[in-house]
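The values are calculated or read from the model by the stated rules, or taken from the named source; none is laboratory data. In this text, all values refer to a predicted model and were calculated from it rather than measured experimentally. Counting neighbours? That spans all protein chains shown, and the Cβs are built from the backbone with ideal geometry, glycine included. These accessible areas exclude ligands, DNA and RNA; they are computed on the full protein's heavy atoms, side chains included. Shrake-Rupley method; radii C 1.70, N 1.55, O 1.52, S 1.80 Å.
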Amino acid sequence: MIEQIPGKVDMDKLVSLCKRRGFIFPSSEIYGGMGACYDYGPLGVELKNNVKKAWWKAAVQERDDMVGLDASILMHPQTWVASGHVEGFADPLVDCKQCRQRWRADHIKDGRCPACGGELTEPRMFNLMFKTFVGPVEDEAALVYLRPETAQGIFVNFQNVLTSTRRKLPFGIAQIGKAFRNEITTGNFIFRMREFEQMEIEYFVKPGSDDEWFKRWVEERFNWYINLGIKKGNLRLRQHAKDELAHYARDCYDIEYLFPIGWSELEGIANRTNFDLKQHAKYSGKDLSYYDEETKEHIIPYVIEPSAGVDRSVLAFLVDAYDEEKDKEGIRVVLRLHPALAPIKIAVLPLSRNQALLPLSNEVYIKLRRCWMAQYDDAQGIGRRYRRQDEIGTPLCVTIDFQSLEDSQVTIRERDTMRQIRVPINELESTLGAKLSGEPFEMLPPGGKKWLGFEE
Ligand code: GAP
(Lines give C-alpha, C1' and ligand atoms only; values in the text may rest on other atoms or scores of the structure.)
Protein backbone atom coordinates (compact mmCIF):
# COMPACT_ATOMS: atom_id res chain seq x y z
CA MET A 1 0.00 0.00 0.00
CA ILE A 2 1.25 3.49 -0.81
CA GLU A 3 1.52 5.61 2.30
CA GLN A 4 0.30 9.11 1.62
CA ILE A 5 2.33 12.02 3.01
CA PRO A 6 0.03 14.59 4.67
CA GLY A 7 -0.15 17.89 2.79
CA LYS A 8 1.22 16.37 -0.41
CA VAL A 9 -0.73 16.10 -3.62
CA ASP A 10 -2.23 12.66 -3.88
CA MET A 11 -0.37 10.66 -6.56
CA ASP A 12 -3.69 9.55 -8.09
CA LYS A 13 -4.80 13.16 -8.42
CA LEU A 14 -1.57 14.07 -10.18
CA VAL A 15 -1.77 11.05 -12.50
CA SER A 16 -5.30 12.06 -13.41
CA LEU A 17 -4.34 15.70 -14.09
CA CYS A 18 -1.42 14.52 -16.23
CA LYS A 19 -3.70 12.32 -18.31
CA ARG A 20 -6.59 14.81 -18.58
CA ARG A 21 -4.44 17.76 -19.58
CA GLY A 22 -2.04 15.88 -21.84
CA PHE A 23 1.14 15.74 -19.78
CA ILE A 24 1.68 11.99 -19.41
CA PHE A 25 -0.17 8.92 -20.73
CA PRO A 26 0.35 5.22 -20.02
CA SER A 27 2.33 3.72 -22.92
CA SER A 28 0.33 1.77 -25.55
CA GLU A 29 -2.79 2.35 -23.50
CA ILE A 30 -5.22 1.07 -26.14
CA TYR A 31 -3.62 -2.37 -25.73
CA GLY A 32 -3.89 -2.29 -21.97
CA GLY A 33 -0.65 -0.43 -21.32
CA MET A 34 2.98 -1.48 -20.99
CA GLY A 35 4.25 -1.88 -17.43
CA ALA A 36 6.36 1.03 -16.19
CA CYS A 37 6.50 2.76 -19.59
CA TYR A 38 4.90 6.17 -20.15
CA ASP A 39 4.38 8.57 -23.03
CA TYR A 40 4.72 12.31 -22.73
CA GLY A 41 1.79 14.18 -24.27
CA PRO A 42 1.73 17.65 -25.85
CA LEU A 43 2.30 19.50 -22.55
CA GLY A 44 4.50 16.79 -21.03
CA VAL A 45 6.99 16.90 -23.87
CA GLU A 46 7.33 20.66 -23.42
CA LEU A 47 7.85 20.32 -19.67
CA LYS A 48 10.35 17.50 -20.11
CA ASN A 49 12.26 19.42 -22.80
CA ASN A 50 12.36 22.45 -20.52
CA VAL A 51 13.82 20.37 -17.68
CA LYS A 52 16.51 19.09 -20.05
CA LYS A 53 17.18 22.59 -21.41
CA ALA A 54 17.55 24.01 -17.88
CA TRP A 55 19.97 21.20 -17.00
CA TRP A 56 22.03 21.64 -20.17
CA LYS A 57 22.20 25.38 -19.58
CA ALA A 58 23.55 24.89 -16.06
CA ALA A 59 25.77 21.90 -16.90
CA VAL A 60 27.24 22.97 -20.25
CA GLN A 61 26.24 26.38 -21.58
CA GLU A 62 27.14 28.40 -18.49
CA ARG A 63 30.41 26.58 -17.72
CA ASP A 64 33.85 26.73 -19.32
CA ASP A 65 34.88 23.36 -17.95
CA MET A 66 32.13 21.24 -19.51
CA VAL A 67 31.31 19.87 -22.95
CA GLY A 68 28.41 17.80 -24.23
CA LEU A 69 28.09 14.38 -25.84
CA ASP A 70 25.38 12.21 -27.37
CA ALA A 71 26.53 8.58 -27.48
CA SER A 72 24.56 5.70 -28.96
CA ILE A 73 22.28 3.52 -26.88
CA LEU A 74 23.65 0.27 -28.30
CA MET A 75 27.28 -0.19 -27.34
CA HIS A 76 29.89 -2.90 -27.76
CA PRO A 77 28.87 -5.64 -25.30
CA GLN A 78 32.33 -5.66 -23.75
CA THR A 79 31.50 -2.21 -22.37
CA TRP A 80 29.15 -3.83 -19.87
CA VAL A 81 31.59 -6.57 -18.95
CA ALA A 82 34.24 -3.94 -18.20
CA SER A 83 31.85 -1.71 -16.27
CA GLY A 84 30.75 -4.58 -14.05
CA HIS A 85 27.12 -4.51 -15.17
CA VAL A 86 27.08 -8.02 -16.70
CA GLU A 87 28.37 -9.46 -13.46
CA GLY A 88 26.81 -7.20 -10.88
CA PHE A 89 23.90 -5.08 -12.13
CA ALA A 90 21.31 -7.28 -10.52
CA ASP A 91 18.62 -7.08 -7.87
CA PRO A 92 17.66 -9.92 -5.52
CA LEU A 93 14.28 -11.22 -6.62
CA VAL A 94 11.68 -13.22 -4.68
CA ASP A 95 8.45 -14.80 -5.94
CA CYS A 96 5.25 -15.19 -3.96
CA LYS A 97 4.36 -18.89 -3.85
CA GLN A 98 0.68 -18.02 -3.56
CA CYS A 99 -0.12 -15.13 -5.97
CA ARG A 100 3.06 -15.45 -8.11
CA GLN A 101 3.88 -11.75 -7.89
CA ARG A 102 7.57 -10.82 -7.99
CA TRP A 103 9.28 -8.47 -5.59
CA ARG A 104 12.68 -7.04 -4.88
CA ALA A 105 13.89 -8.88 -1.77
CA ASP A 106 15.38 -5.65 -0.37
CA HIS A 107 11.92 -3.98 -0.57
CA ILE A 108 10.25 -6.66 1.61
CA LYS A 109 9.71 -5.65 5.23
CA ASP A 110 8.34 -8.70 7.09
CA GLY A 111 9.32 -11.66 4.92
CA ARG A 112 5.80 -12.08 3.44
CA CYS A 113 4.29 -11.07 0.09
CA PRO A 114 3.15 -7.40 0.32
CA ALA A 115 0.13 -8.16 -1.94
CA CYS A 116 -1.38 -11.27 -0.33
CA GLY A 117 0.81 -12.07 2.67
CA GLY A 118 1.87 -15.37 1.04
CA GLU A 119 5.16 -17.20 1.53
CA LEU A 120 8.10 -16.05 -0.61
CA THR A 121 10.81 -18.05 -2.41
CA GLU A 122 14.51 -17.70 -1.56
CA PRO A 123 16.05 -14.63 -3.28
CA ARG A 124 17.83 -15.12 -6.61
CA MET A 125 19.77 -12.51 -8.54
CA PHE A 126 18.11 -10.97 -11.58
CA ASN A 127 20.13 -8.87 -14.05
CA LEU A 128 18.33 -5.66 -14.93
CA MET A 129 19.80 -5.15 -18.39
CA PHE A 130 17.53 -5.63 -21.42
CA LYS A 131 19.08 -7.85 -24.07
CA THR A 132 18.63 -7.78 -27.80
CA PHE A 133 20.50 -8.99 -30.91
CA VAL A 134 22.27 -7.16 -33.71
CA GLY A 135 21.95 -8.57 -37.21
CA PRO A 136 19.83 -11.48 -38.37
CA VAL A 137 21.18 -14.27 -36.16
CA GLU A 138 19.98 -14.43 -32.59
CA ASP A 139 22.95 -16.11 -30.94
CA GLU A 140 25.40 -15.26 -28.14
CA ALA A 141 27.78 -13.54 -30.57
CA ALA A 142 25.07 -11.09 -31.62
CA LEU A 143 23.94 -10.28 -28.09
CA VAL A 144 23.89 -6.61 -27.09
CA TYR A 145 22.33 -4.69 -24.24
CA LEU A 146 20.19 -1.59 -24.10
CA ARG A 147 22.31 0.72 -21.95
CA PRO A 148 21.22 0.77 -18.29
CA GLU A 149 23.00 4.11 -17.73
CA THR A 150 24.32 6.78 -20.09
CA ALA A 151 27.58 7.09 -18.15
CA GLN A 152 29.49 4.39 -20.04
CA GLY A 153 29.02 6.24 -23.34
CA ILE A 154 31.02 9.05 -21.76
CA PHE A 155 33.82 6.84 -20.40
CA VAL A 156 34.41 5.06 -23.71
CA ASN A 157 34.65 8.48 -25.42
CA PHE A 158 37.02 9.99 -22.86
CA GLN A 159 40.06 9.94 -25.17
CA ASN A 160 38.04 11.14 -28.19
CA VAL A 161 36.80 14.18 -26.30
CA LEU A 162 40.18 14.84 -24.69
CA THR A 163 42.07 14.86 -27.98
CA SER A 164 39.42 16.66 -30.01
CA THR A 165 38.90 19.47 -27.48
CA ARG A 166 42.43 19.64 -25.92
CA ARG A 167 40.92 19.88 -22.46
CA LYS A 168 42.95 20.12 -19.26
CA LEU A 169 41.85 18.61 -15.95
CA PRO A 170 39.49 19.29 -14.35
CA PHE A 171 36.80 19.09 -17.02
CA GLY A 172 33.55 17.28 -17.50
CA ILE A 173 31.35 15.69 -20.13
CA ALA A 174 27.57 15.96 -19.95
CA GLN A 175 25.00 13.78 -21.63
CA ILE A 176 21.24 13.40 -21.69
CA GLY A 177 19.70 10.22 -23.01
CA LYS A 178 17.56 7.16 -22.63
CA ALA A 179 18.44 4.32 -20.30
CA PHE A 180 16.66 1.00 -19.86
CA ARG A 181 16.28 -1.24 -16.83
CA ASN A 182 14.11 -4.31 -16.47
CA GLU A 183 12.92 -3.14 -13.04
CA ILE A 184 11.21 -5.75 -10.88
CA THR A 185 9.22 -3.45 -8.63
CA THR A 186 7.44 -0.79 -10.59
CA GLY A 187 4.41 1.41 -9.97
CA ASN A 188 4.47 4.91 -8.52
CA PHE A 189 3.91 6.48 -11.93
CA ILE A 190 7.07 7.85 -13.59
CA PHE A 191 9.17 7.42 -10.45
CA ARG A 192 10.50 4.02 -11.53
CA MET A 193 10.26 3.18 -15.21
CA ARG A 194 11.72 0.53 -17.47
CA GLU A 195 12.59 3.10 -20.13
CA PHE A 196 13.62 6.48 -18.77
CA GLU A 197 16.01 9.34 -19.38
CA GLN A 198 19.10 10.35 -17.46
CA MET A 199 21.07 13.60 -17.30
CA GLU A 200 24.60 12.60 -16.37
CA ILE A 201 27.89 14.35 -15.86
CA GLU A 202 31.26 12.63 -15.61
CA TYR A 203 33.64 15.22 -14.18
CA PHE A 204 37.31 14.24 -14.51
CA VAL A 205 39.71 15.51 -11.85
CA LYS A 206 43.25 14.93 -10.62
CA PRO A 207 43.45 12.20 -7.96
CA GLY A 208 43.62 13.94 -4.61
CA SER A 209 41.28 16.76 -5.65
CA ASP A 210 38.29 14.42 -5.86
CA ASP A 211 36.92 15.05 -2.33
CA GLU A 212 36.89 18.80 -2.92
CA TRP A 213 35.15 18.47 -6.30
CA PHE A 214 32.70 15.96 -4.87
CA LYS A 215 31.56 18.51 -2.28
CA ARG A 216 31.28 21.25 -4.89
CA TRP A 217 29.11 19.13 -7.16
CA VAL A 218 26.80 18.02 -4.36
CA GLU A 219 26.18 21.69 -3.53
CA GLU A 220 25.87 22.73 -7.17
CA ARG A 221 23.30 20.07 -7.97
CA PHE A 222 21.26 20.64 -4.80
CA ASN A 223 20.99 24.34 -5.67
CA TRP A 224 19.92 23.58 -9.23
CA TYR A 225 16.59 22.23 -7.97
CA ILE A 226 16.14 25.10 -5.51
CA ASN A 227 16.82 27.68 -8.24
CA LEU A 228 14.10 26.06 -10.32
CA GLY A 229 11.57 26.50 -7.56
CA ILE A 230 11.68 23.28 -5.50
CA LYS A 231 10.91 24.16 -1.88
CA LYS A 232 13.97 23.72 0.34
CA GLY A 233 12.01 21.76 2.94
CA ASN A 234 11.16 19.12 0.32
CA LEU A 235 14.78 18.40 -0.56
CA ARG A 236 17.50 16.77 1.51
CA LEU A 237 20.88 15.08 1.18
CA ARG A 238 21.55 11.55 2.30
CA GLN A 239 25.01 10.00 2.38
CA HIS A 240 25.21 6.33 1.41
CA ALA A 241 26.31 3.91 4.09
CA LYS A 242 29.45 1.93 3.20
CA ASP A 243 27.46 -1.28 2.53
CA GLU A 244 25.08 0.59 0.23
CA LEU A 245 27.71 2.01 -2.13
CA ALA A 246 27.74 0.79 -5.75
CA HIS A 247 30.70 -1.37 -6.69
CA TYR A 248 32.46 1.59 -8.34
CA ALA A 249 31.83 4.26 -5.69
CA ARG A 250 34.03 5.59 -2.88
CA ASP A 251 31.41 8.00 -1.64
CA CYS A 252 27.87 8.88 -2.71
CA TYR A 253 25.16 11.33 -1.74
CA ASP A 254 21.57 11.08 -2.84
CA ILE A 255 19.57 14.22 -3.30
CA GLU A 256 16.21 13.09 -2.00
CA TYR A 257 12.83 14.67 -2.62
CA LEU A 258 9.73 14.33 -0.48
CA PHE A 259 7.53 12.59 -3.09
CA PRO A 260 3.93 11.60 -2.24
CA ILE A 261 5.42 8.12 -1.55
CA GLY A 262 7.91 9.57 0.95
CA TRP A 263 11.56 10.65 0.81
CA SER A 264 13.13 9.02 -2.25
CA GLU A 265 16.15 9.42 -4.51
CA LEU A 266 16.00 12.14 -7.11
CA GLU A 267 19.67 12.24 -8.07
CA GLY A 268 22.87 10.51 -7.01
CA ILE A 269 26.29 12.14 -6.85
CA ALA A 270 29.08 9.58 -6.66
CA ASN A 271 32.84 9.61 -6.44
CA ARG A 272 33.54 6.83 -8.97
CA THR A 273 37.33 7.06 -8.46
CA ASN A 274 39.26 5.91 -11.55
CA PHE A 275 37.37 2.61 -11.63
CA ASP A 276 35.68 2.97 -15.02
CA LEU A 277 38.61 4.39 -17.00
CA LYS A 278 40.90 1.71 -15.55
CA GLN A 279 38.44 -1.04 -16.41
CA HIS A 280 37.93 0.18 -19.99
CA ALA A 281 41.69 0.55 -20.48
CA LYS A 282 42.13 -3.03 -19.27
CA TYR A 283 39.35 -4.55 -21.40
CA SER A 284 39.99 -2.54 -24.58
CA GLY A 285 43.78 -2.54 -24.37
CA LYS A 286 43.72 1.21 -25.14
CA ASP A 287 45.55 3.90 -23.24
CA LEU A 288 42.98 5.99 -21.39
CA SER A 289 45.45 8.00 -19.34
CA TYR A 290 45.89 11.76 -19.17
CA TYR A 291 49.31 13.38 -19.48
CA ASP A 292 49.80 15.85 -16.66
CA GLU A 293 52.15 18.54 -17.99
CA GLU A 294 52.89 19.85 -14.51
CA THR A 295 54.15 16.59 -13.05
CA LYS A 296 55.16 15.07 -16.43
CA GLU A 297 53.23 11.95 -15.49
CA HIS A 298 50.48 9.88 -17.04
CA ILE A 299 47.56 9.59 -14.68
CA ILE A 300 44.11 8.03 -14.72
CA PRO A 301 41.73 10.81 -13.67
CA TYR A 302 39.22 10.37 -10.87
CA VAL A 303 35.58 10.94 -11.69
CA ILE A 304 32.76 12.75 -9.90
CA GLU A 305 29.39 11.72 -11.28
CA PRO A 306 26.20 13.74 -10.71
CA SER A 307 23.50 11.50 -12.18
CA ALA A 308 19.92 12.75 -12.37
CA GLY A 309 16.73 11.26 -13.77
CA VAL A 310 14.78 13.43 -16.21
CA ASP A 311 11.47 11.73 -15.44
CA ARG A 312 12.00 11.78 -11.70
CA SER A 313 12.82 15.49 -11.94
CA VAL A 314 9.64 16.06 -13.96
CA LEU A 315 7.68 14.26 -11.23
CA ALA A 316 9.33 16.27 -8.46
CA PHE A 317 8.68 19.57 -10.27
CA LEU A 318 5.03 18.62 -10.81
CA VAL A 319 4.49 17.50 -7.21
CA ASP A 320 6.18 20.61 -5.85
CA ALA A 321 4.24 22.95 -8.14
CA TYR A 322 0.79 21.45 -7.51
CA ASP A 323 -1.41 23.68 -5.39
CA GLU A 324 -5.09 24.01 -4.57
CA GLU A 325 -6.69 27.24 -3.40
CA LYS A 326 -10.22 27.88 -2.21
CA ASP A 327 -11.97 30.63 -4.15
CA LYS A 328 -15.53 31.77 -4.72
CA GLU A 329 -16.08 29.17 -7.43
CA GLY A 330 -14.69 26.29 -5.42
CA ILE A 331 -11.13 25.07 -5.81
CA ARG A 332 -8.52 26.73 -8.00
CA VAL A 333 -5.87 24.21 -9.08
CA VAL A 334 -2.57 25.90 -9.88
CA LEU A 335 0.69 24.43 -11.09
CA ARG A 336 3.19 26.92 -9.75
CA LEU A 337 5.93 25.84 -12.14
CA HIS A 338 9.03 27.98 -12.57
CA PRO A 339 8.60 30.02 -15.80
CA ALA A 340 11.63 28.28 -17.31
CA LEU A 341 9.83 24.94 -16.91
CA ALA A 342 6.23 25.88 -17.69
CA PRO A 343 5.14 24.12 -20.92
CA ILE A 344 3.20 27.15 -22.15
CA LYS A 345 4.67 30.52 -21.20
CA ILE A 346 1.87 32.78 -22.40
CA ALA A 347 -1.81 32.37 -23.19
CA VAL A 348 -3.48 34.86 -25.50
CA LEU A 349 -7.12 35.27 -24.55
CA PRO A 350 -9.52 37.57 -26.40
CA LEU A 351 -12.17 38.69 -23.91
CA SER A 352 -14.86 37.10 -26.09
CA ARG A 353 -15.31 35.50 -29.50
CA ASN A 354 -16.56 38.76 -30.92
CA GLN A 355 -15.25 39.14 -34.48
CA ALA A 356 -14.04 42.66 -33.77
CA LEU A 357 -11.37 41.30 -31.37
CA LEU A 358 -10.10 38.68 -33.78
CA PRO A 359 -7.56 40.60 -35.93
CA LEU A 360 -5.72 42.19 -33.01
CA SER A 361 -5.80 39.00 -30.92
CA ASN A 362 -4.38 37.04 -33.82
CA GLU A 363 -1.71 39.62 -34.48
CA VAL A 364 -0.61 39.57 -30.84
CA TYR A 365 -0.63 35.76 -30.72
CA ILE A 366 1.43 35.34 -33.89
CA LYS A 367 3.96 37.87 -32.64
CA LEU A 368 4.33 36.22 -29.23
CA ARG A 369 4.58 32.63 -30.42
CA ARG A 370 7.72 33.54 -32.35
CA CYS A 371 9.40 34.08 -28.99
CA TRP A 372 7.65 31.65 -26.64
CA MET A 373 5.42 28.60 -26.52
CA ALA A 374 2.07 30.36 -26.55
CA GLN A 375 -1.53 29.17 -26.65
CA TYR A 376 -4.60 30.90 -28.09
CA ASP A 377 -7.87 30.18 -26.34
CA ASP A 378 -11.21 31.82 -27.00
CA ALA A 379 -13.58 29.06 -25.83
CA GLN A 380 -15.85 29.80 -22.85
CA GLY A 381 -15.78 32.61 -20.28
CA ILE A 382 -12.57 34.39 -19.39
CA GLY A 383 -12.62 33.08 -15.79
CA ARG A 384 -12.70 29.47 -16.95
CA ARG A 385 -9.93 30.09 -19.43
CA TYR A 386 -7.73 31.60 -16.70
CA ARG A 387 -8.41 28.47 -14.61
CA ARG A 388 -7.45 26.19 -17.47
CA GLN A 389 -4.13 28.00 -17.84
CA ASP A 390 -3.53 27.93 -14.06
CA GLU A 391 -3.98 24.18 -14.06
CA ILE A 392 -1.26 23.67 -16.68
CA GLY A 393 1.10 26.19 -15.10
CA THR A 394 1.04 29.02 -17.66
CA PRO A 395 2.73 31.93 -15.86
CA LEU A 396 1.15 34.79 -17.83
CA CYS A 397 -2.08 35.42 -19.72
CA VAL A 398 -2.58 38.31 -22.14
CA THR A 399 -6.16 39.51 -22.54
CA ILE A 400 -7.37 41.60 -25.44
CA ASP A 401 -10.62 43.52 -24.92
CA PHE A 402 -12.66 46.15 -26.71
CA GLN A 403 -10.73 48.96 -25.08
CA SER A 404 -7.55 47.46 -26.58
CA LEU A 405 -8.91 48.39 -30.00
CA GLU A 406 -9.13 52.01 -28.86
CA ASP A 407 -6.01 52.51 -26.74
CA SER A 408 -3.63 49.76 -28.03
CA GLN A 409 -3.23 48.39 -24.50
CA VAL A 410 -3.70 44.85 -23.26
CA THR A 411 -3.90 43.18 -19.87
CA ILE A 412 -1.30 40.82 -18.46
CA ARG A 413 -2.49 38.53 -15.69
CA GLU A 414 -0.11 36.71 -13.38
CA ARG A 415 -0.83 33.06 -12.54
CA ASP A 416 0.34 32.95 -8.93
CA THR A 417 -1.35 36.04 -7.51
CA MET A 418 -3.96 36.71 -10.23
CA ARG A 419 -2.84 40.36 -10.25
CA GLN A 420 -3.26 42.24 -13.50
CA ILE A 421 -1.47 45.10 -15.21
CA ARG A 422 -2.36 47.03 -18.31
CA VAL A 423 0.46 47.70 -20.79
CA PRO A 424 0.83 49.30 -24.24
CA ILE A 425 1.07 46.67 -26.97
CA ASN A 426 4.40 48.07 -28.12
CA GLU A 427 5.79 47.30 -24.61
CA LEU A 428 4.23 43.83 -24.50
CA GLU A 429 7.11 41.64 -25.66
CA SER A 430 9.74 43.31 -23.49
CA THR A 431 7.41 43.30 -20.46
CA LEU A 432 6.56 39.60 -20.86
CA GLY A 433 10.24 38.77 -21.34
CA ALA A 434 11.17 40.66 -18.17
CA LYS A 435 8.40 39.06 -16.08
CA LEU A 436 9.31 35.56 -17.31
CA SER A 437 12.91 36.27 -16.29
CA GLY A 438 11.84 37.14 -12.75
CA GLU A 439 11.14 40.88 -12.78
CA PRO A 440 8.60 41.72 -10.01
CA PHE A 441 5.13 41.79 -11.47
CA GLU A 442 4.32 45.16 -9.93
CA MET A 443 7.13 46.88 -11.88
CA LEU A 444 5.37 48.68 -14.70
CA PRO A 445 6.69 49.48 -18.19
CA PRO A 446 6.34 53.05 -19.59
CA GLY A 447 2.62 53.72 -19.98
CA GLY A 448 1.68 50.69 -17.85
CA LYS A 449 -0.76 50.75 -14.93
CA LYS A 450 -2.28 48.51 -12.29
CA TRP A 451 -5.59 47.05 -13.34
CA LEU A 452 -8.61 46.00 -11.40
CA GLY A 453 -9.09 43.15 -13.77
CA PHE A 454 -11.76 41.12 -15.41
CA GLU A 455 -14.17 38.86 -13.64
CA GLU A 456 -12.16 35.81 -12.50
N1 GAP B 1 25.34 6.30 -13.66
C2 GAP B 1 24.88 6.20 -12.31
C3 GAP B 1 23.49 5.76 -12.24
O4 GAP B 1 22.88 5.37 -13.22
P5 GAP B 1 21.49 5.47 -10.56
O6 GAP B 1 21.36 5.93 -9.14
O7 GAP B 1 21.23 4.03 -10.84
O8 GAP B 1 22.97 5.87 -10.98
C9 GAP B 1 20.70 7.76 -11.51
O10 GAP B 1 20.56 6.37 -11.49
C11 GAP B 1 19.35 8.43 -11.55
O12 GAP B 1 18.57 7.93 -12.64
C13 GAP B 1 18.48 8.18 -10.31
O14 GAP B 1 18.78 9.08 -9.28
C15 GAP B 1 17.08 8.41 -10.86
O16 GAP B 1 16.78 9.79 -10.89
C17 GAP B 1 17.20 7.91 -12.30
N18 GAP B 1 16.69 6.53 -12.39
C19 GAP B 1 17.34 5.39 -12.13
N20 GAP B 1 16.55 4.32 -12.35
C21 GAP B 1 15.36 4.82 -12.77
C22 GAP B 1 14.12 4.23 -13.18
N23 GAP B 1 13.96 2.92 -13.21
N24 GAP B 1 13.10 5.06 -13.54
C25 GAP B 1 13.26 6.40 -13.53
N26 GAP B 1 14.40 7.00 -13.17
C27 GAP B 1 15.44 6.24 -12.80
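Taking region 179-234 as the range and being away from the ligand (no atom under 13 Å from the Cβ) and under 27 Å from Asp12 (Cβ atoms) as the test, the residues that pass are Leu228, Gly229, Ile230, Lys231, Lys232, Gly233, Asn234.
Would you be able to say whether some residue in region 307-316 is of a type in the set (D, E, K, R) and within 30 Å of Asp276 (Cβ to Cβ)? The answer is yes; a qualifying residue exists.
Screening Glu455 with (1) surrounded by fewer than 19 Cβ atoms within 10 Å (Cβ to Cβ); (2) modelled with pLDDT of 95 or more gives one miss only, at (2). In the set Ala281, Ala308, only one residue is of a type in the set (Gly, Ala, Ser) and within 16 Å of the ligand (Cβ to nearest atom); that residue is Ala308.
Listed here are the residues, each with its yes/no results for (1) touching a residue at least 40 places away in the same chain (Cβ under 8 Å); (2) over 20 Å from Gly153 (Cα atoms).
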residue	(1), (2)
Pro260	yes, yes
Glu267	yes, no
Leu277	yes, no
Gly285	no, no
Glu297	no, yes
Tyr302	yes, no
Ser307	yes, no
Val310	yes, no
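Selection within region 1-48: residues that are open to solvent by 90 Å² or more (accessible area, probe 1.4 Å) and acidic (Asp, Glu). The member of this set that is modelled with the lowest pLDDT is Glu3. Among the conditions (1) within 23 Å of the chain's Cα centre (by Cα); (2) open to solvent by 10 Å² or more (accessible area, probe 1.4 Å); (3) over 30 Å from Gln389 (Cβ atoms), Arg272 misses just one, which is (2). Whether a residue is under 26 Å from the mean Cα position of the chain (by Cα), modelled with pLDDT of 95 or more and either under 21 Å from His107 (Cβ atoms) or open to solvent by 40 Å² or more (accessible area, probe 1.4 Å) (or both) was assessed, and Glu212 does not pass this test. Which one is farthest from the chain's Cα centre (by Cα), of the residues in region 410-436 that are part of a loop (DSSP other than H, G, I, E, B) and without any contact (Cβ under 8 Å) to a residue 40 or more places away in the chain? Filtering first and then ranking leaves Arg419.
Residue count for region 215-252 under the criterion of being open to solvent by 60 Å² or more (accessible area, probe 1.4 Å) and within 17 Å of Ala308 (Cβ to Cβ): the result is 8. Within region 137-152, not a single residue is among the hydrophobic types (A, V, I, L, M, F, W, C), within 20 Å of the chain's Cα centre (by Cα) and more than 9 Å from the ligand (Cβ to nearest atom). Here Arg336 meets each of (1) within 16 Å of the ligand (Cβ to nearest atom); (2) under 23 Å from the mean Cα position of the chain (by Cα) with one exception, condition (1). Checking the structure you have, find out if any residue of region 177-199 is closer than 30 Å to Glu294 by Cβ and surrounded by fewer than 19 Cβ atoms within 10 Å (Cβ to Cβ). Looking through region 177-199, none of the residues is closer than 30 Å to Glu294 by Cβ and surrounded by fewer than 19 Cβ atoms within 10 Å (Cβ to Cβ).
Ala58 meets the conditions (1) in contact (Cβ under 8 Å) with a residue 12 or more places away in the chain; (2) part of a helix (DSSP H, G or I); (3) over 30 Å from Phe171 (Cα atoms); (4) open to solvent by 20 Å² or more (accessible area, probe 1.4 Å) in every case but one. The failed one is (3).
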